[in-house]
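J.: Sharing a structure here in structure tokens format.
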Amino acid sequence: MTEAESPRRQRRKDARPGELTAAALSLFVEKGFAATRLDEVAARAGVSKGTLYLYFDSKEALFKAVIQESVLPVFEACERKLEALANDPERLLRELLLDWWNQVGATELGGIAKLIVAEAGNFPDMASYHHEAVAVRWMGILGQAIQLGVDKGVFRPLDIATLSQLVFFPMLMLAIWKNSVAGCVSSCSLPGEQPEAYFNTYFDMIFRGLRVAPGE
């Protein structure tokens, strides 16, 4: 067996797309989409620029791969949870939001939200892809969870699309804060500095507003 055909080299070759998307994500979050160069991505992944082009022909393709490999699997698990916890809408909604935070918002992936806000105007195709693949799908998942609660008489029958936004936007803003202003200030009272206290208050407010009042 030649060196090129060895299992070790094949495993390395198979791992390269994931290594490249991981390097791209880190650089996108650190430097921004416009400022990141493909040769920097290749260098961080430990490959040549020519090797990168074997897998991805542009930064836009790299960005889409980051979403497809890292974010969409989270949504697929959340969609399965819609069925598993359909009989307990409050627990379902709480777990969906915490899953998003633990697997997206609190991780490097949370920096994508800041990236989109900052650079959507210069890269409308990227922003449009993110909106359809991420925002629309995620808000749809939350909307289904809230609708289950309404159907079961647990949540108040208000506008589902609006409720989904009001429920999620504080958490989205926390992810944006974490990847922007939080790195520039030293106050001990920043949101998210004490996650348990933050989320206890957050969920108390959310569910007090959503729950059907006694006698309603």
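J.: Looking only at the stretch 83-119, how many residues end up being outside any helix (DSSP H, G or I) and at pLDDT below 95?
T.: Residues that pass the stated criteria total 2.
J.: Same structure again: In the stretch 128-145, which residue that is under 23 Å from residue 77 (Cα atoms) and free of Cβ contacts under 8 Å to residues at least 40 places away in the same chain is most open to solvent (accessible area, probe 1.4 Å)?
T.: If we take residues in the stretch 128-145 being under 23 Å from residue 77 (Cα atoms) and free of Cβ contacts under 8 Å to residues at least 40 places away in the same chain, then 132 is most open to solvent (accessible area, probe 1.4 Å).
J.: Have a look at 109, 92, 97, 148 and point out the one that is buried (at least 18 other Cβ atoms within 10 Å of the Cβ) and without any contact (Cβ under 8 Å) to a residue 60 or more places away in the chain.
T.: The match here is 92.
J.: To continue, here is another question. Quick one: which residue in 71, 66 is within 30 Å of residue 152 (Cβ to Cβ) and either open to solvent by less than 20 Å² (accessible area, probe 1.4 Å) or assigned to a loop (DSSP other than H, G, I, E, B) (or both)?
T.: None of the other options fit; the residue is 71.
J.: Is the stretch 127-144 home to any residue that is part of a loop (DSSP other than H, G, I, E, B) and small (Gly, Ala, Ser)?
T.: no
J.: Please specify each residue of the stretch 27-45 satisfying the condition of being open to solvent by less than 20 Å² (accessible area, probe 1.4 Å) and not hydrophobic (A, V, I, L, M, F, W, C).
T.: 32, 36
The values are calculated or read from the model by the stated rules, or taken from the named source; none is laboratory data. The model shown is predicted, which means the values in this text are computed figures rather than measured ones. Here the Cβ is made from the backbone with ideal geometry for all residues, glycine too, and neighbour counts use every protein chain on show. Only protein heavy atoms, including side chains, enter the accessible area calculation; ligands, DNA and RNA are left aside. Shrake-Rupley method; radii C 1.70, N 1.55, O 1.52, S 1.80 Å.
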